[in-house]
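Asker: Let me give you the structure first, and then I'll get to my questions.
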Amino acid sequence: MDHKFNEYEKEQLNQRMQELEQRERRVKLREEELERRSRLFDMQWKILEHELLQLAGEKERFNKEKAFYNEVKKHNKINDSSSDVRMTAKMFFLGVHDELSLKKRYRDLLKLFHPDSMNGDVHAMQAINKEYEEIKKAYDI
């Protein structure tokens, strides 16, 4: 009987060892999964931080442009009161330092001052077109 009891104990011990090994494998797999998820989370977090910084920069640029166009609008109201005073287009292209920003500013000004738009002004458009052509020639050299 001692012999059978020994075999039974051995069998029980083997089963427990197998169960322990299975648990260890499951724990290891869960740890690997957790590590993978942690790396993924870190990558996503970095992407979100980068996007947030870009968004903050774009918001700042938008606010600067908004302030600029508000000044232009205020200037236009002053100029509308006296028909002899004409606005100069040089103020529209301040801060433009390359051809790409020149084209962007010109498109934005077209949207604002085109005679067909709500706040359109023919004289302003003519002055803007003239100044744009002069500055564009300077970049073409």
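The values are calculated or read from the model by the stated rules, or taken from the named source; none is laboratory data. Since the structure is predicted, the reported quantities are computational estimates derived from the model, not experimental observations. Neighbour counts are summed over all protein chains in view; Cβ atoms, including those assigned to glycine, are modelled from backbone coordinates with ideal geometry. For accessibility, only protein heavy atoms count, side chains too; no ligands or nucleic acids. Shrake-Rupley method; radii C 1.70, N 1.55, O 1.52, S 1.80 Å.
Asker: Which order do you get for LEU110, LEU55 if you rank them by accessible area with a 1.4 Å probe, largest at the top?
Answerer: Values: LEU110 50, LEU55 105 Å².
Ranking LEU110, LEU55 by accessible area, largest first, yields LEU55, LEU110.
Asker: Rounded to the nearest 10 degrees, what's the angle between the helix 122-140 long axis and the longest principal axis of the chain, both from Cα atoms, 0 to 90?
Answerer: Tilt of helix 122-140: around 70 degrees.
Asker: Give, as a single signed number, the net charge of other residues whose beta carbon lies under 12 Å from the beta carbon of GLY57, with Lys and Arg counted +1 and Asp and Glu -1. Write down the numbers at each step before the final one.
Answerer: On the way: positive: LYS59, ARG61, LYS64; negative: GLU51, GLU58, GLU60.
Local charge sum for GLY57: 0.
Asker: LYS74 to LEU53: FRET efficiency via 1/(1 + (r/R0)^6), r the Cβ-Cβ distance, R0 30 Å, to the nearest 0.05?
Answerer: Values: r = 32 Å, r/R0 = 1.06.
The formula returns an efficiency of 0.40 here.
Asker: Using Cα atoms only, what is the angle between the long axis of helix 2-81 and the major principal axis of the chain, expressed in degrees (0 to 90) to the nearest 10?
Answerer: The helix 2-81 is inclined about 10 degrees to the chain.
Asker: Return the calculated 222 nm mean residue ellipticity for the chain, to the nearest 500 deg cm²/dmol, obtained by summing -39500 (n - 2.57) across DSSP H runs with n ≥ 4 and dividing by the residue count. If you can, show how the numbers build up before the last one.
Answerer: Working: 3 runs with 114 residues, N = 141.
Mean residue ellipticity at 222 nm (helix-derived): -30000 deg cm²/dmol.
Asker: Which of (1) 2.49; (2) 1.14; (3) 1.20 is the computed Cα Rg over 2.2 N^0.38 Å for the structure on display?
Answerer: Looking at Cα Rg over 2.2 N^0.38 Å for this model, the match is (1).
Asker: Go ahead and set up a Gaussian network model of the chain, Cα springs under 10 Å, then flag whichever of ASN63, ASN76, ASN14 fluctuates most.
Answerer: ASN14
Asker: Could you tally the net charge around GLU24, taking each other residue with its Cβ under 12 Å from the Cβ of GLU24, Lys/Arg +1 and Asp/Glu -1?
Answerer: Values: positive: ARG23, ARG25, ARG26, LYS28, ARG30; negative: GLU19, GLU21, GLU31.
My count for the surroundings of GLU24 gives +2.
Asker: Right, next: Under 1.5 on a/c is rounded, so check that first for the stretch 91-141, then, if it is not, pick prolate when a/b is larger than b/c and oblate when it is not; a ≥ b ≥ c are the square roots of the alpha carbon gyration tensor eigenvalues. Let's see the in-between values first.
Answerer: Values: a/c = 2.58, a/b = 1.87, b/c = 1.38.
Prolate.
Asker: What distance in nm separates the two pseudo spin-label positions at GLU7 and HIS97, each 7 Å out from Cα along the beta-carbon direction?
Answerer: 9.0 nm
Asker: Enter the angle in degrees (range 0 to 90, nearest 10) between the Cα long axis of helix 99-113 and the first principal axis of the Cα atoms of the chain, meaning the one along which they spread out most.
Answerer: Once rounded, the angle reads 70 degrees.
Asker: Taking the Cα centre as origin and putting +1 on Lys and Arg beta-carbons and -1 on Asp and Glu beta-carbons, what dipole magnitude results for the chain, to the nearest 20 debye?
Answerer: On the way: 29 positive and 29 negative charges, 117 e Å.
Dipole magnitude for the chain comes out near 560 debye.
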